[in-house]
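Colleague: First the structure, which I've put down as structure tokens, then a few questions once you've had a look.
The values are calculated or read from the model by the stated rules, or taken from the named source; none is laboratory data. Model, not experiment: these values are computed from the prediction. Cβ placement follows ideal geometry from the backbone for every residue including glycine, while neighbour counts extend to all protein chains displayed. In case anyone asks, the SASA skips ligands and DNA or RNA and just uses the protein heavy atoms, side chains included. Shrake-Rupley method; radii C 1.70, N 1.55, O 1.52, S 1.80 Å.
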Amino acid sequence: MNESAIKSSNLNALINSIEGIEVITDLELVRKLSQDYHTFSPILVAQLADKVADIVVRPANEGEVIKVAAACFKYRIPVTVRGAGTGNYGQCVPLYGGVVLDTSKMQEIIWVKPGVARVQAGVKLAALDKQAQKLGWEMRMAPSTYRTASIGGFVAGGSGGIGSIRYGLLGDRGNLLALKVVTMEEEPRILELRGDEVQKVTHAWGINGIITEVELPLGAAYPWAEVIVTFPDFMSAVRFGKDLASADGLIKKEVGIFASPIPQYFTALRKYIPEGKHAALLMIAEPSLELLSGLVKQYQGDITFKKSAQEATKGLHLAEYTWNHTTLHARTADSSITYLQSIFPNDNLQTIEHMYGHFGDEVMIHLEFIRANGVLASPGLQLVRYTTEERLKEIIRYHEERGVFIANPHSYLIEEGWKRAIDPEHLKFKQMVDPHGLMNPGKSKTLNQAD
């Protein structure tokens, strides 16, 4: 029997062994559920074009997850766990076929208490926020895809977002309390990881266990007003953003800075941002609005849009024009646009100013101010007018040679993103929970070299 026939036989045996659990075999739907938003990258589009699962399995609870894990181990079928598929680097794209384990049915909010919540992995971030806000709390941070993203996917593939200006990044100590994971063994175990142990699984793209539950701290829910400020000069906008981000007494949830012509891609916001102007998109606690106007005036800005917290619950949401939604809006207008993810040096703004002048409209600067490990940082999600792969590499090299850290969004390898290396302790954990390397294989350079 050839390799293809063996694989087909094993898949059939696997499907028969998990009777009662939803299995999807329709080719078009399987293909759709094998994808994410790696299409933002023309390089990943080419690399992942033919990568698709053999089947998709949708467990409804932890017991079904265990049953699927045991079957996949028995028949040596690779497993790629999927949340809502809102990631950007091919995190949930299966490189070697097999099973996509879709957690979207696991949507139980187990409990919400003052300051903390426990949920299943498939719970949507917006659904958790809605429940928590009834008690006066909310998620500390969320990506711009918060309406559709799931908590398990955010933990496995995300790093921060709206709210990170106040609470830091997801991997900062204290932003996750506990994870429950299922191992990929002959008899799968359920492990409860608490405290610093959660870091063995966070931002690991599902290679270190199947996340089934997440326990996370909440933040106080402020009445968030939404504000657009425009500036005639880009560096004035950047300095305004940095001063606002540094002002600990002003309570904010989002400080995003957008060089012209980026705001022209925001169709619904164009009337508030004249052509040629640079913009700051802000979410500010209403009690801090009075002092905001003085800072705006200091940098010769104009407030062109303001929504009260009550009004901000309706219609468009500025949050959905920030972070990587910025890239989505730009690509809707021009599909040749791609992006970079970078951290600029924090000691001064000269590097940002240099890049703005050097590249012009070829690399349009979009900054998000955050805190990371207690220090103010200004990650960029620059929009790039893509021409060739070689030119993109030149742009990346130019940034890195001038001290800009690039988390390459054009690679599906963990070590070429925010992490440059996998902790040896995490590798030991990987060997323990996935001895045959069946979980999302191919996504780690370190593990690939070991194989």
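Colleague: Considering all alpha-carbon pairs of the range 52-172, what whole percent are spaced by more than 23 angstrom?
Modeller: 34 percent
Colleague: Based solely on C-alpha atoms, express the radius of gyration and the Dmax of the range 292-398 in angstrom.
Modeller: 16.3, 48
Colleague: 7 Å from Cα along Cα→Cβ at both Glu401 and Glu416: what's the point-to-point distance in nm?
Modeller: Result: 2.0 nm between the two label points.
Colleague: Give the whole-number value, in cubic angstrom per residue, of the convex hull volume spanned by the C-alpha atoms of the range 189-327.
Modeller: 153 Å³
Colleague: Mind checking the dipole of the chain: about its Cα centre, +1 per Lys or Arg Cβ, -1 per Asp or Glu Cβ, Debye to the nearest 20?
Modeller: 580 debye
Colleague: Extending each Cα 7 Å along its Cβ direction at Val375 and Ile190, get the distance between those two points in nm, one decimal.
Modeller: Distance between label points: 4.1 nm.
Colleague: In the range 65-102, which residues have a backbone nitrogen under 17 Å from the label point lying 7 Å from Ser9's Cα in the Cα-to-Cβ direction?
Modeller: 74-77, by backbone N distance to the label point.
Colleague: Could you tell me which of Met184, Gly209, Met283 has its Cα farthest along the dipole of the chain towards the positive end, charges placed at Cβ (Lys, Arg +1; Asp, Glu -1), taken about the Cα centre?
Modeller: Going by the charge dipole, the pick is Met283.
Colleague: Quick one: check the C-alpha center-to-center distance for the range 261-288 versus the range 354-371, whole angstrom.
Modeller: Their Cα centres are 16 Å away from one another.
Colleague: I need two numbers for the range 126-214: Rg to one decimal and Dmax as a whole number, Cα atoms only, in Å.
Modeller: Calculated on Cα positions, Rg and Dmax stand at 13.5, 44 Å.
Colleague: In nm, what is the difference between 0.36 nm times the number of residues separating Leu135 and Tyr96 and their Cα-Cα distance?
Modeller: Answer, rounded to one decimal: 9.6 nm.
Colleague: Just for the Cα atoms in the chain, what are the lengths along the principal axes, largest first, rounded to whole Å?
Modeller: For the chain, the Cα spread along each principal axis is 73, 52, 39 Å.
Colleague: What is the Cα radius of gyration of the range 117-265 over 2.2 N^0.38 Å, N being its residue count?
Modeller: 1.21
Colleague: Read phi for every residue in the range 26-40 and hand back ³J(HN,Hα) as whole Hz from Karplus 6.51 cos²θ - 1.76 cosθ + 1.60, θ = phi - 60°, with x for Gly and Pro.
Modeller: My calculation for the range 26-40 gives 4, 4, 5, 5, 4, 4, 4, 7, 9, 10, 9, 8, 5, 5, 5 Hz in order.
Colleague: Please list, by residue number, every one of the trypsin sites (Lys or Arg not before Pro) in the range 57-138 that is coil in DSSP and has at most 16 other beta-carbon atoms within 10 Å.
Modeller: Here the sparse-neighbourhood loop sites are Arg76, Lys105, Lys134.
Colleague: Would you mind checking which residues have amide H under 5 Å from Phe305's amide H? H placed 1.01 Å from N; only 5 or more apart, or other chain.
Modeller: Close amide H contacts, sequence-distant or interchain: Ile228.
Colleague: What percent does the relative contact order of the chain come to when contacts are Cα pairs within less than 8 Å and at least six residues apart?
Modeller: Here the relative contact order equals 16 percent.
Colleague: Cross-link list Lys32/Lys113; Lys130/Lys445; Lys180/Lys252; Lys180/Lys443: which exceed 30 angstrom alpha carbon to alpha carbon?
Modeller: Too far apart for the 30 Å limit: Lys32/Lys113; Lys130/Lys445; Lys180/Lys252.
Colleague: Let me ask something else about it. Taking 0.36 nm per residue of separation and subtracting the Cα-Cα distance, what length does fully extending Gln431 through Glu286 add?
Modeller: 47.2 nm
Colleague: Continuing with the same structure: Rank these by accessible area, largest first, 1.4 Å probe: Asp423, Asp248.
Modeller: Asp248, Asp423
Colleague: Would you mind computing, in nm to one decimal, how far apart the modelled labels at Ser335 and Thr304 are, each placed 7 Å from Cα along Cα→Cβ?
Modeller: 2.9 nm
Colleague: Non-local amide H neighbours of Phe405 (under 5 Å, H modeled in plane, Pro and chain starts lacking H): which ones?
Modeller: Under 5 Å from the amide H of Phe405 lie the amide H atoms of Ile343, each far enough along the sequence or on another chain.
Colleague: Which of rounded, prolate or oblate describes the range 46-113 when judged by the alpha-carbon gyration tensor and an a/c cut-off of 1.5?
Modeller: The shape class here is oblate.
Colleague: Right, here's the next one. What translational D, rounded to a whole number of µm²/s, comes out for the range 321-451 from Stokes-Einstein when the hydrodynamic radius is the Kirkwood one over Cα pairs, at 20 °C and 1.002 mPa s?
Modeller: 129 µm²/s
Colleague: I would also like to ask the following. Might you report the magnitude of the Cβ-based charge dipole of the range 56-180 about its Cα centre, with Lys and Arg at +1 and Asp and Glu at -1, to the nearest 20 debye?
Modeller: In debye, rounded to 20, the range 56-180 gives about 120.
Colleague: Across all directions of projection, what mean area in square nanometres is found for the Cα convex hull of the range 403-451?
Modeller: That works out to 3.9 nm², a quarter of the Cα hull's surface.
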